[in-house]
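Okay, here's the structure, questions in a sec.
The values are calculated or read from the model by the stated rules, or taken from the named source; none is laboratory data. Everything quoted here is computed from the prediction, not taken from an experiment. Backbone-built Cβ (ideal geometry, glycine too); neighbour counts: all protein chains shown.
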Amino acid sequence: MANPHPFFMLLLLALLHSAAVASPVFTARHNAVYQELLKLKVARGRTLLKPHLQQEPQNPINLLLANYADFLELCVQQDQQKYDALLEAQEKRLQTLEDLPVQEVWAKYGQAEVRLQVGLSKVLFGNRLSAAWDIRKAYLKYREIGEQHPNFTSYKKSLGVLQVLIGSVPDKYKWFLSIIGMQGSIKQGMENLRLAATANAPFNQEAELLHTVMLHMTAPDQERQALRQVEAIATRQPDNLLFQFAAMHLLKKTQSSEAALKTYLNRPKSQEYLSFPYLHHMAADLYLFRGEYAQSVRENRLFLQLHKGQHYLKAANYKLYLAYALNGHIPQAQWFLQQIPEVGLEETEEDRYAAKYALRQEPLVKPLMQARLHSDGGYYKEALQALGQLQVNKFTLKAVQAEYYYRKARILHGTDSLRQALPLYQKAIALCQGTDLYFAPSACLQSGYIYQELRQPDRARQYFKKALSYRQHEYKNSIDSKAKIALSDL
């Protein structure tokens with residue numbers, strides 16, 4: 001019998017090797033699991049994934065989807081008692097992915113995504129130093145994938161988000177990010193998100209949602225476009241609780257409270273979904289904006305009953321104080337005011353503001369607070385009516401005067417009376433001199449937006465820079481971020 005030609009022996013070995021290390025494929029079954037997880041039907045997703053994990057425990061796509069389930073559960077429920085076990089499970093998957101003998105693109109992508117999810121989980125529970133190291137490693141892995149596998153579009157989703165966030169960091173901190181190898185820009189990140197969202201590739205729905213959220217965050221002049229996009233995403237999948245939450249969040253932030261409340265009331269509610277207590281906290285705000293105090297109390301009490309985490313506890317007690325006080329129930333209001341220092345953390349701006357309010361023990365000026373709440377909800381007519389109940393003169397406390405002019409400016413700004421709003425913002429800025437009241441930096445930011453809209457970029461730049469100059473106010477992170485983004489646009 002003739003021996004086979006060496007060429008055919010080599011070809012056979014190559015084919016056998018290729019079969020042994022063939023790249024995993026994101027199949028229809030994987031997509032079915034992912035869709036359930038994205039809807040926050042995490043238990044259902046885990047059930048669908050279980051046989052695939054048992055059959056292929058080292059398949060990087062299976063490991064990534066298993067990690068999505070743990071990550072989403074931690075983010076949505078923030079249960080401190082589950083943190084250690086779920087984080088340990090994530091880190092074990094990461095080790096498995098790093099130990100795979102063949103590091104093809106899905107193994108690398110799985111490492112990057114799981115590493116990022118581990119880092120974000122740590123951020124949520126306060127382990128920031130370790131989280132920063134994980135996020136850096138994830139960023140570098142995404143860059144590596146882009147260099148070695150440029151046609152693998154999915155990596156652009158998370159890389160794009162990181163680039164946008166890095167791009168919005170104030171310039172004085174960027175030197176440090178450059179030293180540790182993390183660079184980015186808002187423009188570059190948004191383009192990567194757009195490419196990931198429009199590609200016919202796995203995770204494109206997630207990329208589309210993230211692109212919309214980042215657009216809303218980075219481009220105030222495209223706010224309406226972002227709202228249209230998020231409402232379209234939510235409408236396409238009314239059974240997707242994550243998409244409904246995103247729509248509710250953006251609508252609430254843009255004073256579209258009626259639409260946000262409608263989204264909340266029509267959200268999917270079956271037991272298949274993860275319990276999502278934060279939705280009740282958001283709804284409590286929406287009812288507070290409307291002046292429906294009993295409903296606001298009901299929602300925040302439900303939030304406190306269901307929520308297992310430490311974030312938003314101070315804020316919920318503060319909002320309960322407001323709802324009771326504005327409804328004339330003073331003893332109950334005082335009880336919740338006294339709870340604020342006793343519960344939760346001061347990590348979020350909401351919680352920091354609540355803690356500072358409780359510490360100051362300032363008397364509640366009812367017309368000002370009602371004006372603020374109505375304005376935050378987009379109820380500008382009601383806000384003006386509330387302000388009309390307050391008489392301000394030179395003998396009025398400066399802090400009250402400053403807030404009065406600031407609130408009136410925000411109301412006029414919200415109704416597109418831009419030129420009437422500007423002098424009122426300037427009054428608020430002047431009255432805040434020598435204080436740490438946030439009305440001044442916020443008035444500077446809003447004045448910058450108005451000058452930007454009036455096509456006066458030099459004046460806009462002046463006010464954005466002034467907004468950045470204020471120190472030690474409770475909304476510094478968000479105001480600085482918005483001012484930095486606006487300056488980068490100019």
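Scan region 213-257 for residues that are in a loop (DSSP other than H, G, I, E, B), of a type outside the set (Gly, Ala, Ser) and out of contact with any Gly (no Cβ under 6 Å at 6 or more places or on another chain) and jot them down. If you could, list the steps in order and put the result at the bottom.
Start the filter on region 213-257 by keeping residues that are in a loop (DSSP other than H, G, I, E, B), which leaves 219, 237-240, 254-256.
Narrowing the set further to residues that are of a type outside the set (Gly, Ala, Ser) leaves 237-240, 254-255.
Hits for region 213-257 are Gln237, Pro238, Asp239, Asn240, Thr254.
Could you please let me know if Leu261 is under 30 Å from Pro367 (Cα atoms) and assigned to a helix (DSSP H, G or I)?
Numbers: under 30 Å from Pro367 (Cα atoms): yes; assigned to a helix (DSSP H, G or I): yes.
Judged against the criteria, Leu261 is a match.
Let me ask something additional. In this structure, is Gln58 in a helix (DSSP H, G or I) and either in contact (Cβ under 8 Å) with a residue 24 or more places away in the chain or within 17 Å of Val123 (Cβ to Cβ) (or both)? Step through it out loud before you land on a result.
Details: in a helix (DSSP H, G or I): no; either in contact (Cβ under 8 Å) with a residue 24 or more places away in the chain or within 17 Å of Val123 (Cβ to Cβ) (or both): yes.
No; evaluated as a whole, the condition is false for this residue.
From (1) modelled with pLDDT of 95 or more; (2) crowded, with 17+ Cβ neighbours inside 10 Å, pick out the condition that doesn't hold for Gln401.
(1)
Do we have Ile429 as in contact (Cβ under 8 Å) with a residue 40 or more places away in the chain, in the same structural domain as Ser478 (by TED's automatic domain parsing) and buried (at least 16 other Cβ atoms within 10 Å of the Cβ) here?
Details: in contact (Cβ under 8 Å) with a residue 40 or more places away in the chain: no; in the same structural domain as Ser478 (by TED's automatic domain parsing): yes; buried (at least 16 other Cβ atoms within 10 Å of the Cβ): yes.
So Ile429 does not fit the description; no.
For Tyr357, state whether it is within 22 Å of the chain's Cα centre (by Cα), outside any loop (DSSP other than H, G, I, E, B) and under 12 Å from Glu474 (Cβ atoms).
On the way: within 22 Å of the chain's Cα centre (by Cα): no; outside any loop (DSSP other than H, G, I, E, B): yes; under 12 Å from Glu474 (Cβ atoms): yes.
Here the answer is no, as Tyr357 does not meet what is asked.
Say we look at region 442-458 and pick out the residues that are surrounded by 15 or more Cβ atoms within 10 Å (Cβ to Cβ) and in contact (Cβ under 8 Å) with a residue 40 or more places away in the chain; which of these is nearest to Ser417 (Cα to Cα)? Reasoning before the result, please.
Initially, region 442-458 is screened for residues surrounded by 15 or more Cβ atoms within 10 Å (Cβ to Cβ), giving 442-452.
Add one more test, that the residue is in contact (Cβ under 8 Å) with a residue 40 or more places away in the chain, and what stays is 445, 449, 452.
Numbers: Leu445: 16, Tyr449: 13, Gln452: 14 Å.
Looking at the filtered set, the residue picked out is Tyr449.
Looking at region 38-55, which of the residues that are hydrophobic (A, V, I, L, M, F, W, C) and assigned to a helix (DSSP H, G or I) is nearest to the chain's Cα centre (by Cα)?
Here is the first cut: in region 38-55, the residues hydrophobic (A, V, I, L, M, F, W, C) are 38, 40, 42-43, 48-49, 53.
Now narrow it down to the ones that are assigned to a helix (DSSP H, G or I): 38, 42-43, 48-49, 53.
On the way: Leu38: 16, Val42: 20, Ala43: 24, Leu48: 28, Leu49: 28, Leu53: 31 Å.
Among those residues, the one meeting the criterion is Leu38.
Just checking, does region 425-441 include any residue being among the β-branched types (Val, Ile, Thr), closer than 24 Å to Asn393 by Cβ and either assigned to a helix (DSSP H, G or I) or out of contact with any Asp or Glu (no Cβ under 6 Å at 6 or more places or on another chain) (or both)? Break it down stepwise before answering.
Of region 425-441, the ones among the β-branched types (Val, Ile, Thr) are 429, 435.
From what is left, the residues that are closer than 24 Å to Asn393 by Cβ are 429, 435.
Subsequent filtering for residues that are either assigned to a helix (DSSP H, G or I) or out of contact with any Asp or Glu (no Cβ under 6 Å at 6 or more places or on another chain) (or both) retains 429, 435.
Yes, the conditions are met somewhere in region 425-441.
Something else now. What is the one condition in (1) among the small types (Gly, Ala, Ser); (2) buried (at least 18 other Cβ atoms within 10 Å of the Cβ); (3) modelled with pLDDT of 95 or more that Ala232 does not satisfy?
Here Ala232 clears every test but (2).
From Arg419, Arg471, Arg461, which residue is out of contact with any Phe, Trp or Tyr (no Cβ under 6 Å at 6 or more places or on another chain), assigned to a loop (DSSP other than H, G, I, E, B) and surrounded by fewer than 23 Cβ atoms within 10 Å (Cβ to Cβ)?
Values: Arg419 fails: assigned to a loop (DSSP other than H, G, I, E, B); Arg461 fails: assigned to a loop (DSSP other than H, G, I, E, B).
Testing whether each residue is out of contact with any Phe, Trp or Tyr (no Cβ under 6 Å at 6 or more places or on another chain), assigned to a loop (DSSP other than H, G, I, E, B) and surrounded by fewer than 23 Cβ atoms within 10 Å (Cβ to Cβ) leaves just Arg471.
Which of the numbered conditions does Gln462 fail, given that it passes all the others? Conditions: (1) of a type outside the set (D, E, K, R); (2) farther than 23 Å from Val169 by Cβ; (3) free of Cβ contacts under 8 Å to residues at least 24 places away in the same chain.
So Gln462 meets the others, but not (2).
Before we move on, is Phe245 without any contact (Cβ under 8 Å) to a residue 60 or more places away in the chain and among the hydrophobic types (A, V, I, L, M, F, W, C)? Before the answer, list the steps.
Working: without any contact (Cβ under 8 Å) to a residue 60 or more places away in the chain: yes; among the hydrophobic types (A, V, I, L, M, F, W, C): yes.
Judged against the criteria, Phe245 is a match.
Continuing with this model, one more query. Return a yes/no flag: does region 237-257 have any residue that is farther than 28 Å from Glu191 by Cα, among the small types (Gly, Ala, Ser) and either buried (at least 21 other Cβ atoms within 10 Å of the Cβ) or not assigned by TED's automatic domain parsing to the domain that holds Glu342 (or both).
Step one: filter region 237-257 for residues farther than 28 Å from Glu191 by Cα, giving 239, 257.
Still in the running and among the small types (Gly, Ala, Ser): 257.
Remaining after also requiring either buried (at least 21 other Cβ atoms within 10 Å of the Cβ) or not assigned by TED's automatic domain parsing to the domain that holds Glu342 (or both): 257.
Yes.
Condition check: of a type in the set (A, V, I, L, M) and assigned by TED's automatic domain parsing to the domain that holds Lys476. Does Leu359 satisfy that?
When the stated conditions are applied, Leu359 does not pass them.
In region 443-452, is there at least one residue being in contact with a helix residue (DSSP H, G or I) (Cβ under 8 Å, 6 or more places away or on another chain) and part of a loop (DSSP other than H, G, I, E, B)? Reasoning before the result, please.
Pass one, region 443-452, residues in contact with a helix residue (DSSP H, G or I) (Cβ under 8 Å, 6 or more places away or on another chain): 443-452.
Filter again for part of a loop (DSSP other than H, G, I, E, B), leaving none.
Taking every residue of region 443-452 in turn, none turns out to be in contact with a helix residue (DSSP H, G or I) (Cβ under 8 Å, 6 or more places away or on another chain) and part of a loop (DSSP other than H, G, I, E, B).
Taking the condition of being surrounded by fewer than 21 Cβ atoms within 10 Å (Cβ to Cβ), basic (Lys, Arg) and at pLDDT 95 or above, how many residues in region 283-321 meet it?
Counting residues in region 283-321 that are surrounded by fewer than 21 Cβ atoms within 10 Å (Cβ to Cβ), basic (Lys, Arg) and at pLDDT 95 or above gives 3.
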